[in-house]
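Step one of this worksheet: look at the structure below.
The values are calculated or read from the model by the stated rules, or taken from the named source; none is laboratory data. Quantities reported herein were computed from a predicted structural model and do not represent experimental measurements. No Cβ is skipped: glycine too gets one built from the backbone with ideal geometry, and neighbour counts run over all protein chains shown. Heavy atoms of the whole protein, side chains included, go into the accessibility calculation; ligands, DNA and RNA do not. Shrake-Rupley method; radii C 1.70, N 1.55, O 1.52, S 1.80 Å.
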Amino acid sequence: MEQVKIIECPRDAMQGIKTFIPTQRKVDYIQSLLRVGFDTIDFGSFVSPKAIPQMIDTASVLDQLDLSQTKSKLLAIIANTQGAKLASVHKEIRYLGFPFSISENFQMRNTHKTIAESLITLQEILDIANKSNKEVVTYISMGFGNPYGDPWNVEIVGEWTEKLSKMGAKILSLSDTIGSSTPDVIDYLFKSLIPKYPQVEFGAHLHTTPNKWHEKIDAAFKAGCRRFDGAIQGFGGCPMAKDDLTGNMPTEKMLSYFTQQNAYTNTSPMSFESAYNVASRLFGEFH
């Protein structure tokens with residue numbers, strides 16, 4: 001039986017919501033997700049409060065989580081060296097997630113840095129992670145296409161994979177930042193990259209419209225990807241991308257797909273149903 005890692009992303013679901021979600025509500029929601037059995041919870045971010053005001057209480061949320069009954073690991077998003085330093089002091093955090101865009105335009109929009117500057121930042125983050133016993137998940141933003149007019153093709157993705165792998169990046173998550181991926185491109189990239197870089201764990205952070213989720217997950221899974229990001233009911237997306245947003249990959253759709261494929265996700269259906277209900281209440285109230 002194939003084993004699949006599901007990374008649930010409440011941070012991605014919440015970060016674009018303008019009304020501040022009270023810290024206790026965030027804690028309750030993430031606590032419900034910790035009971036499900038997901039491999040990892042992308043629970044918060046250490047970024048500028050000006051950029052993402054919703055995540056200003058990430059450290060407080062972390063302090064209040066009960067991690068005694070869960071095997072899920074915690075991931076925090078960072079955008080710079082300062083964020084890496086802030087996140088690395090928390091022993092409960094296993095992964096530092098860094099969005100590295102291969103689109104110059106998007107990198108400037110997202111982190112106010114050029115790609116060259118971001119490479120220096122990534123090296124610093126890898127060093128901080130090594131010293132503090134953390135792992136870095138590098139997201140290749142615009143991994144499946146580019147709406148900003150920058151050059152993009154599958155060879156460029158391959159070149160960046162080579163560079164990042166040489167720097168010591170061990171987990172690369174290809175990010176479909178604006179939902180532009182097609183099954184052909186997904187299939188081609190994973191089939192090309194996974195055998196070529198056996199030392200790298202490749203993931204898929206796909207955004208989708210409601211009618212395209214199946215073909216995207218199907219293409220990635222059949223091309224050998226075994227690490228998938230999602231958010232319950234597809235809530236959220238990327239606040240720094242174009243405004244006509246497609247949502248995150250709905251976790252409940254992925255779970256049903258992997259059940260059909262006889263793939264093992266280590267999740268509890270009853271705990272998932274409970275977390276799904278908490279999500280419905282939370283995002284019904286804050287959206």
Among what's in the stretch 185-219 and is of a type in the set (S, T, N, Q) and either farther than 17 Å from Val154 by Cα or touching a Leu at 6+ places or on another chain (Cβ under 8 Å) (or both), pick the residue that is least open to solvent (accessible area, probe 1.4 Å). Thr208
So is Val36 in a helix (DSSP H, G or I) and β-branched (Val, Ile, Thr) or not? no
Scan the stretch 207-225 and give yes if some residue there is touching a residue at least 60 places away in the same chain (Cβ under 8 Å) and under 25 Å from Val36 (Cβ atoms), otherwise no. yes
Among the hydroxyl-bearing types (Ser, Thr, Tyr), open to solvent by 40 Å² or more (accessible area, probe 1.4 Å) and not in a helix (DSSP H, G or I) - does that describe any residue in the stretch 171-184? yes
Collect the residues in the stretch 103-132 that are touching a strand residue (DSSP E or B) at 6+ places or on another chain (Cβ under 9 Å), of a type in the set (A, V, I, L, M, F, W, C) and either modelled with pLDDT of 80 or more or open to solvent by less than 30 Å² (accessible area, probe 1.4 Å) (or both), keeping them in residue-number order. Phe106, Ile115, Leu119, Leu122, Ile125, Leu126, Ile128, Ala129
Conditions first: (1) more than 24 Å from Ala116 (Cβ to Cβ); (2) open to solvent by 80 Å² or more (accessible area, probe 1.4 Å); (3) among the basic types (Lys, Arg). Lys73 passes all but one, so which condition is the exception? (2)
Test: residue in the stretch 220-235 that is open to solvent by less than 10 Å² (accessible area, probe 1.4 Å), assigned to a helix (DSSP H, G or I) and closer than 18 Å to Ile140 by Cβ: yes
Report yes if Ile7 is free of Cβ contacts under 8 Å to residues at least 60 places away in the same chain, outside any loop (DSSP other than H, G, I, E, B) and closer than 30 Å to Gln261 by Cβ, otherwise no. no
Have a look at Ile52, Ile30, Ile41 and point out the one that is open to solvent by less than 40 Å² (accessible area, probe 1.4 Å) and farther than 23 Å from Thr265 by Cβ. Ile52
Looking at the stretch 39-56, is at least one residue part of a strand (DSSP E or B) and more than 25 Å from His287 (Cα to Cα)? no
Ser68 versus (1) open to solvent by 40 Å² or more (accessible area, probe 1.4 Å); (2) in contact with a helix residue (DSSP H, G or I) (Cβ under 9 Å, 6 or more places away or on another chain); (3) in a loop (DSSP other than H, G, I, E, B): which is the lone unmet condition? (2)
